[in-house]
Every structure is written in C-alpha cells, then in structure tokens.
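Asker: I'd like to ask some things about the structure below.
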Amino acid sequence: MGHGGGCLLQGALHPEPPWPALPLQASALTQLLCLRSPQKVIEATNFFSEHGCKGPSLLPGGHFLFSASPVDASQVHCSGKTTLLDAMSGRLRRTGTFLGEVFMNGRLLHRDQFQDCFSYVQQSDTLLSNLTVRETLRYAALLAVRRCSPGFLQKKVDAVMVELSLSHVADRLIGNYNLGGISNGERRRVSIAAQLLQDPKVMLFDEPTTGLDCMTANQIVVLLAELARRNRIVIITIHQPRSELFQLFDKIAILSYGELVFCGTPVEMLDFFNGCNYPCPEHSNPFDFYMDLTSVDTQSKEREMETYKRVQMIESAYKESAIYHKTLENIERAKHLKTLSTVPFKTKDSPGALSKLGVLLRRVTRNLLRNKLAVIMRLVQNLIMGLFVVFYLLRVQNDVLKGAVQDRVGLLYQFVGATPYTGMLNAVNLFPVLRAVSDQESQDGLYQKWQMLLAYVLHVLPFSVIATMMFSSVCYWTLGLYPEVARFGYFSAALLAPHLIGEFLSLVLLGMVQNPNVVNSMVALLSVAGIFVGSGLIRNTEEMSLPFKILSYFTFQKYCSEILIVNEFYGQNFICGSSNGSVTTNPMCAFTQGIQFIERTCPGATSRFTTNFLILYAFIPVLVILGIVVFKVRDHLISR
C-alpha cells in the first residue's frame, strides 16, 4: 500500500441510501464525517483537530455521505482516519486542539457526550488473560447495567455470545502468548461483544483485522456487516481487504494524507475512476488498485511530485463530479429536516460507584488467583529473601565481640531496604495489564481509572498481610530476635507498612510513567535514598547536615527503622567476651545494653514508639489518595 492510505465505509448493500445525510465538514487539520439513518443523524461542522501524525491531516471543506451500515476504512499512517475515529469517540488527547461542533439527530453533542454515543473497538484487545470468555462478558455487563437480576444478565451475555459465535468457547480462558487460550479472531469477537453489551447504535472499529489471518479477517468483516444490518451504524478502518468484500461496502471514502479523494458507493467508485482514465484491471482487487492510485510515493523527489499531482487531479475531478454535487444536495436537504429522533445514547443505567468497585475487586481477585505463579511469588518473595538471611546468619548472638550489635543492625537494614522493593516488584509485574484495561474501559464510560486503582489496592491487602506474616514467622524466631510474642507482632506490623508503601508508591508512579522498567528504577533509587537519609543505620541522623536531617522526616524508612531498633534493642543486655570486658579493656564493648545503642542511634525513639507507628502507617492512605489524584489526572491526559 502507498503512503497516503484511505478510508472505506462499508455496510449493507444499498444502491442508493433511502435517507439523506447531514454534513460533516473539516477545516484546517482533519477530516469530518456524517452518518445518517432513519433513526440516527450525525453531523459535524467546522471541525478542527491536530493529533498524532507528523504534520497535520487536512480535509478542507470535505463532505462525507454514509448510510446506516458498516463502515470500512483502509489507510496508511497519517491519512487521518484514526484521528477521525478518535475525534468521534471523544478520545483525542486533551493537550491537542479540537474545535467545531458535532450534532446527532440535530442536537448538539458536547465533547464529554461522544463516548456515550459511540462504542470504539481499538486495534489491540485489552482483555484479562485469566478470565473465561463468559466471565469477561459477565463482568462487562455488571459494570454497564444496573439492578438487573442474575438471570436477565446471564441471558444478555448468552445472547451476545450467540450473536458473535462465541458460545463454543464460553468457558475457555482468554489466554495470552504464554498461556494459550482462545484464538486471535475469537479475542477480537470478545472485544466486540463487550461493546455490544452497552447497546450502542454507532460502533467504531480501528483496523479490526490487524494481526489476523486472511480467513479470520474476512469472517470479522462479514460479522460486522451482519451487525450493521441490525439497526446499527458500523464504521471500520481496515488494511488491504479482500476483493470479495468489495460489494459488502455500502459507502467507500478514500482519504490521502487527510484529503478526501472519493466518497460513494462501490459502483460509483468504479465508474468515477473509469471516467478519470484509471480503470481497474481485470482480476485485480479494486481496493489495492485504488489505494495505490491515491497514495503518494516518497521513494524519490520526482516520484513524490508525480504521485502527489495525480492525487490532486483525482481530488479535483471528484469535487467537479455529479457524485459530489449530489452529496451536497443531500446535505442541504438534510439540514431542513423537521422531524428528528432522540439521540441514541448507549445504556446509561450503570451501577453506582460502590457497586462498580465491588465488581472490579471481584474481577481483579479472580484474575490474580488463577495466575498461580503470580500468587506464589507474591506470597514467598519476602520469605525467599528472609531464608537467605537465615542461612547466612543462622542465629544472632548476645556477645558484642561476636557481632551481637552489628548483626542486628545489618538485619534491620536488610529488612527495611528489601520489603518495599518486593512490594514494587508485585506492582510492576501485575498492575500494567490492569492499567491498560482501565484505560480502555474508562474511555468506554464503564468506570473511572481511580476505581481500578482502588480495587487493586483492596485486593493487595490480605495477600500482603499473609506474605509478611509468613516471612516474619520464619525469620523472627529462627534468627533468635527478642523472644517475646508482643515484640514479634510489632516487628511484623512494622515490616508490613514498607511492603505496602513500596507497592503503592509504584502504583502512583505507574499512573504517571508508562514504562514499568522506569518505575522499577525510580522506586529502587527512592528506596536507597530513603534508607541512606532516614534510617540512621548508615549514618546517625543527628550528625547529618540540616537539609538532610529535615529530609529524613519525609522518609518512611526513618520511622520504620526507629520502631525496629526500639523493638529489638530495648531491654537487651549484651556481654563482651567471656570476661564481659569493659570499654577500657576493649573499645568494642561500648554497648552492653540495648538502650545505649538506641540513644546513640536515634535519641528519644523509645518515647516516640507509638507516634512512629502512626506516622509510618499514615504514608499508606496518603499514597492511596495521591494515586487517586494521579489517576484522575490520567483520565484527562491519556487518550489511548
């Protein structure tokens, strides 16, 4: 295919649409589209957008005429079709430029209403791999429909599966590259089925055949044609459709670098290009032939100028053709329609925020529990680290000359430093998939991104408690730390907090940074910096310069370290060799009582024990609230 690309609008076969179309005009930097059916009218005027390509997509004064049928768009990079679909679905980036008005059935639509009118199936299928097809659709229905009986919901899901030929794989896992599961074509149909559960009247598909073999791609296009015959408008973009699909298309519009080159029925297309002295050769695919014809070849300057002039000539011929003038007449006639139906919004009777949160929590938990490797790693990561420490030290001593103080300091340093990092590993491994799903589903209007974040946070809590208790039970008693049950409880609680803080901090950063590897590095650096500045285990905080001393109060490592130091050293009595020597006989005997080490390392920590716990655990809700704010901002900044 050439560089220009194009847009095809496909649907049920009508030699002439039985209704007129309203105008969709573009000025400056994109193309506009108008759809019209007996019940539905879409009109956009003076539409301006800049988005996504090197240089603008331009369609000055373009008018499209489409009927209520499936729409197929073939194009290459920067011809403007994805920008068009993004604009219609309300998914243009907020940082871009969007001017103009869109009407549906003669009524002005605000930008935040676009997603309520149009369902959008993007190229990639963002599905949870450890759910079955039935579960995936059932959760989608629960997020979209309020107060319906389980029987009604199941009938709705079953009906959609029958409509899209998914019943035979209803109880199979979605799967992924490593897990197996359903085929790519079936995954694509699941994505379509999830949209159908919202009862949309206008459906947009951005290259639904991407990544599919020829036969499966053909089946998907035929399926979309069937959907369009059931009182829906279907607009699709597609690369290199097969020639036998040509007659399925009700209207075909070709874009080249955003310029409208042709818009009409398949028969009109053949006649138009014949009239331009570009007849389609026998046995050739009309799509391939006309797409090459309206593309600009950039392999050389001479070839680029030659092909660009050809495209301009075809564009001028179209604007002087009877097809174009007939389109304008239909537009003018449609402007004066007196009877217009209501706007066909998607299903708006969605559950409340708490109900959606419950559905998301159940879905996230079920998806994780089926990922056995992820469950095992979440539970044993800290334990594996702890076992390494146990095998290395075996048991701490009470003899200062045998490392009683030094070993305990090393243990606490390891525990404070490692637990947030294991929490980060969990978030970086598990949350990006959920983030991608929430980006898609929030744009569909099912829920807001922060609700997925909160569902993940809630599902984390019991697993983190269990993992920390397993780790603490093995390490605390095996290593021979202070032999008191209450002290063991304080130890476990003190290490649960940094584990959660590490994971929640990663969630906040994943809301701002798309690449999980970058988040991994950021959390590691922050953890190292925090333990250097705040723990007091490397350098006494009282001896640090004032800026670092102030900074230490903003690190959770300061409060966690003080808790663990007091918990382990308070009440400890050490010996210094067999003769229990003094400082005068051996300088290493400076600490014979734990309280001496406490006052030397973190003065006053004993009296701040409860306060330190409160401050340490205050980091958790602060990070959750910060995460909610970040994901609310993400709602406005992320388009896809």
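Asker: Spot the failing condition for Leu383; the list is (1) surrounded by fewer than 22 Cβ atoms within 10 Å (Cβ to Cβ); (2) at pLDDT below 90, and only one is missed.
Answerer: It fails just one condition, (2).
Asker: What's the number of the only condition in (1) in contact (Cβ under 8 Å) with a residue 12 or more places away in the chain; (2) over 26 Å from Asn517 (Cβ atoms); (3) under 28 Å from the mean Cα position of the chain (by Cα) that Val405 fails to meet?
Answerer: Of the numbered conditions (1) in contact (Cβ under 8 Å) with a residue 12 or more places away in the chain; (2) over 26 Å from Asn517 (Cβ atoms); (3) under 28 Å from the mean Cα position of the chain (by Cα), the odd one out for Val405 is (3).
Asker: For the range 197-211, how many residues meet the condition of being farther than 13 Å from Gln123 by Cα and either in contact with a strand residue (DSSP E or B) (Cβ under 8 Å, 6 or more places away or on another chain) or crowded, with 22+ Cβ neighbours inside 10 Å (or both)?
Answerer: Residues that pass the stated criteria total 6.
Asker: When you scan the range 255-278, do you find a residue that is under 19 Å from Leu84 (Cβ atoms), among the charged types (D, E, K, R), buried (at least 16 other Cβ atoms within 10 Å of the Cβ) and within 41 Å of the chain's Cα centre (by Cα), even just one?
Answerer: The answer is yes, given that some residue of the range 255-278 is under 19 Å from Leu84 (Cβ atoms), among the charged types (D, E, K, R), buried (at least 16 other Cβ atoms within 10 Å of the Cβ) and within 41 Å of the chain's Cα centre (by Cα).
Asker: Have a look at Ser527, Ser473 and point out the one that is within 28 Å of Gly594 (Cβ to Cβ) and surrounded by fewer than 16 Cβ atoms within 10 Å (Cβ to Cβ).
Answerer: So the residue among Ser527, Ser473 that is within 28 Å of Gly594 (Cβ to Cβ) and surrounded by fewer than 16 Cβ atoms within 10 Å (Cβ to Cβ) is Ser473.
Asker: Restricting attention to the range 596-610, report how many residues are more than 18 Å from Met544 (Cα to Cα), of a type in the set (S, T, N, Q) and surrounded by 13 or more Cβ atoms within 10 Å (Cβ to Cβ).
Answerer: Adding up the residues that qualify gives 2.
Asker: Another question, then. Out of the residues in the range 139-186 that are touching a residue at least 60 places away in the same chain (Cβ under 8 Å) and surrounded by 21 or more Cβ atoms within 10 Å (Cβ to Cβ), state the one that is farthest from Leu128 (Cα to Cα).
Answerer: This residue is Ala144.
Asker: Mind listing whichever residues of the range 544-565 are surrounded by 17 or more Cβ atoms within 10 Å (Cβ to Cβ), among the hydrophobic types (A, V, I, L, M, F, W, C) and under 21 Å from Glu503 (Cα atoms)?
Answerer: Phe556, Cys560, Ile563, Leu564
Asker: Being in contact with a Cys (Cβ under 7 Å, 6 or more places away or on another chain), in the same structural domain as Met291 (by TED's automatic domain parsing) and among the charged types (D, E, K, R) narrows it down to one residue among Arg232, Arg242; which is it?
Answerer: Arg242
Asker: So, in the range 282-314, how many residues would count as being surrounded by fewer than 17 Cβ atoms within 10 Å (Cβ to Cβ), under 26 Å from Leu245 (Cβ atoms) and modelled with pLDDT of 90 or more?
Answerer: 0
Asker: Which condition does Ala228 not pass, out of (1) modelled with pLDDT under 85; (2) more than 29 Å from the chain's Cα centre (by Cα); (3) among the hydrophobic types (A, V, I, L, M, F, W, C), if it passes all the others?
Answerer: (2)
Asker: Of all the residues that make up the range 425-477, how many are hydrophobic (A, V, I, L, M, F, W, C), closer than 28 Å to Gln115 by Cβ and touching a Lys or Arg at 6+ places or on another chain (Cβ under 7 Å)?
Answerer: Looking only at that region, the number is 1.
Asker: Across the range 488-537, what is the number of residues that are touching a Phe, Trp or Tyr at 6+ places or on another chain (Cβ under 6 Å) and not in a helix (DSSP H, G or I)?
Answerer: Summing the residues that are touching a Phe, Trp or Tyr at 6+ places or on another chain (Cβ under 6 Å) and not in a helix (DSSP H, G or I) in the range 488-537 gives 1.
The values are calculated or read from the model by the stated rules, or taken from the named source; none is laboratory data. As the structure is a computational prediction, the values presented were derived from the model and not from experiment. So basically every Cβ, Gly included, is an ideal-geometry build from the backbone, and we count neighbours across all protein chains shown.
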